[in-house]
Each structure stands twice: as C-alpha cells, then as structure tokens.
Amino acid sequence: MVSKDMLKLGRVRSAIRELFEFGRKRAAIVGNANVFDFSIGNPSVPPPAALTEEMIRLLNTCDPSALHGYTSAPGAVETRDAIAENLNSRFGTSFTRRNLYISCGAAAALTSVLRALTVDHHTEFIAIAPYFPEYACFATTAGGKLVIVEPDMAHFQIDFAALERAINAHTQAVIINSPNNPSGVIYSEETIRALAALLTKKSAQLGRPVYLISDEPYRELNYTDQPVPFVTNYYSASIVTYSYSKSLSLPGNRIGYVLLDNDMPDFDDVYDAIAGSARVQGYVCAPALLQKTIARAAELNLIPDLTSYQKNRDALYGGLSAFGYRCMPPDGAFYLFLEAPGGDGDAFAEAAKDEDILIVPGRSFGCPGYVRIAYCVAYDTIIRDLPGFGRLYQRFCQ
C-alpha cells in the first residue's frame, strides 16, 4: 500500500513539467532548433564568473571533510553572517545569523514555513492569483489549504477588497511573489504598504498575527528604476523565502534561505517551528559547498547580468504587441503573461504546439484566460518564433 495522495502527485506532473517533457520528445523528431520551448524558467544566463571561480577555488583548496561534511542544521555560521551583512547593507536592516535558516532552495524554505504554521486541517494560506501552482501542493501536503484571491486584473496588483473578504479565523498567512511568476509584475511600494496596513488590522481583530510570506526567488531580476520593496521594512510578521536559483543561475543546486524579521511576534517559537519542520522533512544541513559559495557571493554582492533577459523581453513584448496581442509589460523575472486571443488559454497553448511553440496555460496559475511565456532562452529563439505567434494570432482572431 502507498499513499494515494502521493501517488497522484507522482503520476500527474505539473503542466510545466509535462510541456518540458513534450518538448524533449519533439526535439528528437524535428531537432532542438525547431522547438521553441518557453515552458520552464531555467536561466539562460550563466552564473557570474566570480561565482564559478569561487567554487573551483573551494574545491581545490578546502579540506574535503569540511567542504563536503555536515554544517549546523540551520546553516553555517559564516554563511548566515555573510547573508545578514549583505541584506543589512542593501535594505537598511539589522539582521544577524539568528534571523536566517539556510535551505535547499525556495521550495524547501516555503514548505518548511507552511508546515511550521499549519495548526490543524482548518489552517488556510492565501495566495494572490496569478500564483506559482506548487503553492497548492505545498499547502495541502503541509496539512492546510490554499485559498486563491483573484488579482486586480487591470494591473496584476492586489485586489484588497477581495483579499480582506478572504481573511478569516483560519487564515495563518498571505503568500506573495514579487517579481511575480508568471506575470513579471512587481508589487509597488503603495501595494506593500496597503497590504501591511490590512494585515495589521486583521491581526488586531483576530488577536494573533496574520503572517506575510514573501516568496522571492526573482528579487534581483528587476528591470525598473524602482527597488523591489523589502517586506520586513513594512510589516513585522514577515517571513521571506529566497532562492539563488534565478539570481545567480543555480537552479540545479538548490540553495536558499528562510528569513524572519527581528520584530516577529513570538520570534523564537516561529523560528524553532520552522527548524522542526525542516527537520521532519529532511531539509537540514544544506550542501556545504553551496553554503560556502553563496557566502562569498554575498560578500561580493554578486548580482545577475540582466542585459540578455531585458533584450529578450523587449523583443518578445514588442513583437507580440505589433501582432495585436495584449499583455502586461513585465517589470521583472523572465516571464510574459499573455492574454489568450479568444479567452481560452488551454486552447491557445494547445494550438501553439502546432507551431512547436511550448507555452504554459494560465489555468495552472489561476488565470485560465492567459498563457505564460518563459523568455529565459536564446535571443535567436525569440526572433525565430515570432512568425509562428503571428500565424496563431491570425488563426484565433480572424
């Protein structure tokens, strides 16, 4: 006998992974160059040279037992110190190692947080559409429930009236993701201030904190002149989950952290519950080599080179807009959320396969009238796929 829930999750892959596998099969038939795979957010920009050099230096010079051995469960002291100092210098905070728990990427960070905050099977976590579809999996397997709030469709900011209606006695936290996957939208400072005010009000009404979980793997992928608001500067019951997968192009290495604000209510209880959650799920002692590497990245303040992503974004957005497509200009990340002609994202994504264009239906993200295009690909791929998008537009808009 096995768990029916886990069996279902194992046999029914996400729409993103299904498309990715479909693309591999098509490439074997028509060739890699003829499949325009925009399904998965796999960074096309290489890691910073200094990061690669540091990893090589570590491999060549460090004591192997230290480099490949266990660290403290919440992460090496020097790694947490380096990250805290980097955050303090960038965001005017006053963190120390005690604020940080090093994790195997943002997924491990988020699942550890959700399980730590799940009180019973009535526990609810709220996400704002469009949202990363794995949130539902993470929340339910933690023992809780994910509640979806529709966004402000005009700007993909937060519909605060809808959010306030959704918060109730079972709400433990609101999850936000900015820059957003899949829309590329960045929540403005006005939005974050309004969110903090609403959560402060609801926390007072409920007599306990409503936590804000900010999922931030795309924090540094920002094409605007305005910084991404750092939530701990606006709301004390904030928990940040972070990954270096996108900012330093390390998706296969799974390294990130959980960060708690200094003024978190019942700080020690929350931190220790997250540590306990990580323990029971096996998310302790993130790889020592990666911990040492990101410590050096923090010391050097390494940031991604956004030149190619921005070039891709501009070419894709400009080309699609010229055909007549409607979409929100992405401010960050490397996704474009396209309004499907005819209003059916599933039908449009399926038809796009006829052009060997692989895009993800928006239903997976809570917006069935849209499709997601991950433009972290070669620039040539963007240019060569545009005629196919033109034919699709004519097909759906005749």
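What follows is calculated from the coordinates using simple rules that are stated; it is not laboratory data. These numbers were taken from a predicted model, which means no experiment stands behind them. When we count neighbours, we look across all protein chains shown, and the Cβ atoms used for this are built from the backbone with ideal geometry, even at glycine.
List of remarks:
- For the stretch 208-301, the Kirkwood estimate of the hydrodynamic radius, built from every pair of different alpha carbons, is 14.8 Å.
- Normalised by the number of residues in the chain, the average gap of Cα pairs under 8 Å and 6 or more apart makes the relative contact order 23 percent.
- Cross-link reach is defined here as a Cα-Cα straight distance under 30 Å, omitting same-chain residues fewer than 8 places apart; for K4 the lysines meeting it are K25, K145.
- For the stretch 1-104, the normalised intensity computed at q = 0.17, 0.20 Å⁻¹ comes to -1.00, -1.03 (log10 of I(q)/I(0), Debye sum over alpha carbons, equal scatterers, no solvent).
- Estimated FRET transfer efficiency (E21, L306; beta-carbon r; R0 30 Å; 0.05): 0.55
- Counted charge near F132, where neighbours are those whose Cβ lies closer than 14 Å (Asp, Glu -1; Lys, Arg +1): +1
- The DSSP beta bridges internal to the chain are antiparallel in roughly 50% of cases.
- Net charge over other residues, Cβ less than 14 angstrom from the Cβ of A142 (K, R count +1; D, E count -1): -2
- Of every Cα-Cα pair in the stretch 49-300, the percent that sits beyond 35 Å: 12 percent
- Here the alpha carbons of the stretch 27-177 define both size measures, Rg and Dmax, at 20.7, 57 Å.
- Net charge of the neighbourhood of A49, taken over other residues with C-beta under 14 Å away and scored Lys/Arg +1, Asp/Glu -1, is -1.
- Karplus-derived 3J(HN,Hα) values for the stretch 42-47, using 6.51 cos²θ - 1.76 cosθ + 1.60 with θ = phi - 60°, are 9, x, 9, 8, x, x Hz; glycine and proline are entered as x.
- Between the stretch 1-66 and the stretch 96-138, the Cα center-to-center distance that results, in Å: 22 Å
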